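In what follows, a structure is listed as structure tokens, so that the remarks can point back to it.
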Amino acid sequence: MARKKPVQSRTSFWEWGAAALGAAILVFAIGYMAWYGLTHTSGPPVIVVERAESVRLDGSYVVKVLVRNKGRSTAAAVEIEGALKDGEESLETSAATLDYVPENSEREAYLQFSRDPDKFDLKLRAVGGSAP
Amino acid sequence: MAGKDAAVEADTGSTREFLVGLGRAFAGALIFSLPLMMTMEMWSLGVYIDPFRIALLLLVLLPLLVGLSLFGGIRKNTHIVDDLADALMAIAVAAVAAIVVLAMFAEIDPSMSWREIIGKIALQIVPGSIGAMLAQNQLGGSAEDTDEYGFSDAYGGEILLMMVGGLFMSLNIAPTEEIILIAFKMSTWQDIALAFLSLGLMHIVVYVVEFRGTHAQHPEESFFSVFARFTVVGYAAVLLVSLYILWTFGRLEGLSLEQALSLAVVLSFPGAIGAALARLIL
């Protein structure tokens, strides 16, 4: 084809569709981040630990715990501790460390005991963490 | 009827062209962003760095991509809107690639907050879209109105290309803990020596060794002219890009000026090599 191409936009219909998607993603991501920055004041992370189901396996008990951060910033190196108590007496403890628990997010951890946690009082707590 | 057939033919032709371009863009996005999608620090950075800095990074990305399309690229766009369309398409491709791969790696899932998911994806859009942009521009196709390497010779274009090359290398290294460890171990004299080594290597790689695709020194240009206009300016640009990335990633917090500069010099070393080889790798 020796015919000279007319000078015009050579972006096809499909490409404009993809470009529109890109624009939407960009506007949404920038808008969301800016909105988040404006509406969320920073503060310390607040870690809440909740017990989920437990499984018995080969004579030991594994308790799944849900670790939620209800605070205003991400916590790193979060240490979770569970203590099995019979009244005031502590029978055994188990601990787990989570690399990161971002704000408003949930992570899972597992604590292992040799005694049945259903028969005793299981006290769960977040020991502490560091700022990332 | 004949006219209609021709129109349909032209349309299917452009659809095919679009799909080929899309495939190339995905390939480029993956090759540039996969190493970072498999870097642990990138996941956590997406979560905890300042949301305004993520927003700013995405804002800066768009003109950078448009610039890449303007100065680089096989496809010589007649309208700047075509460059803009290319840039936005690269962002869409990078975002889709990041969503798919991160979901497969279980790095994004519904139990996570929107902030976490969007933060992780947003950071991966940066390397991914640069890769997608370059792949759309560079892989295959035929060149018109560009020099034999596919790039125009404009000075601004050359500096921009060096910045993108530096950015690409810096992005891959800035998230790691090692960069901080290296900077803290180095003495001030080693920092200064590294800055000179970076400058020297940059100049040698670009103007002396003459890799295919690098800038050959014109006979009429003096050493000092080329060194001052390209190498020094390029290194300064890389240093600024490094500082910007370190700031975005929150790596400069609580550091003294000396430590911050040391980090920037360390990061600019690979950045300078990336900038020097930009024409080769990009």
Is it the case that segment A:27-48 has a residue that's assigned to a strand (DSSP E or B) and out of contact with any Pro (no Cβ under 7 Å at 6 or more places or on another chain)?
yes
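The rows are residues; the columns are (1) under 20 Å from A:S105 (Cα atoms); (2) facing another protein chain (nearest Cβ under 7 Å); (3) of a type in the set (F, W, Y); (4) crowded, with 19+ Cβ neighbours inside 10 Å.
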{"position": "B:P35", "(1), (2), (3), (4)": "no, no, no, no"}
{"position": "B:M38", "(1), (2), (3), (4)": "no, no, no, no"}
{"position": "B:S69", "(1), (2), (3), (4)": "no, no, no, yes"}
{"position": "B:F105", "(1), (2), (3), (4)": "yes, no, yes, no"}
{"position": "B:I118", "(1), (2), (3), (4)": "yes, yes, no, yes"}
{"position": "B:I121", "(1), (2), (3), (4)": "yes, no, no, yes"}
{"position": "B:L134", "(1), (2), (3), (4)": "no, no, no, yes"}
Pairing a residue in segment B:182-200 that is closer than 12 Å to B:L263 by Cα with any residue that is small (G, A, S), where Cβ atoms lie under 6 Å and the two sit 6 or more apart in sequence or on different chains, gives B:A183/B:S262; B:D191/B:S262
Inspect all residues belonging to segment A:16-35 and state whether any of them is within 14 Å of chain B (Cβ to nearest Cβ), farther than 24 Å from B:W114 by Cα and not charged (D, E, K, R).
yes
From B:F168, B:F184, grab the single residue that is modelled with pLDDT of 85 or more, surrounded by fewer than 18 Cβ atoms within 10 Å (Cβ to Cβ) and assigned to a helix (DSSP H, G or I).
B:F184
Here's a check for you: in segment A:53-93, which residue that is without any contact (Cβ under 8 Å) to a residue 24 or more places away in the chain and in a strand (DSSP E or B) is farthest from A:A126 (Cα to Cα)?
A:L57
Do we find a residue being more than 9 Å from chain A (Cβ to nearest Cβ), crowded, with 23+ Cβ neighbours inside 10 Å and at pLDDT 90 or above anywhere in segment B:74-93?
no
Condition check for A:T93: within 30 Å of B:L84 (Cα to Cα) and either away from chain B (no Cβ under 11 Å) or more than 23 Å from the chain's Cα centre (by Cα) (or both)
no
Based on what the data block shows, is A:L26 crowded, with 18+ Cβ neighbours inside 10 Å and over 21 Å from the mean Cα position of the chain (by Cα)?
yes
Within segment A:68-80, does at least one residue satisfy the condition of being within 14 Å of another protein chain (Cβ to nearest Cβ) and in contact with a Phe, Trp or Tyr (Cβ under 6 Å, 6 or more places away or on another chain)?
yes
Where residues in segment A:96-125 are acidic (D, E) and within 11 Å of chain B (Cβ to nearest Cβ), which of them is farthest from A:V55 (Cα to Cα)?
A:E103
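The values are calculated or read from the model by the stated rules, or taken from the named source; none is laboratory data. What you see is a predicted model; the values in this text were computed from it and never measured. Using ideal geometry, Cβ is built from the backbone for each residue, glycine included, and neighbour counts are taken over all protein chains shown.
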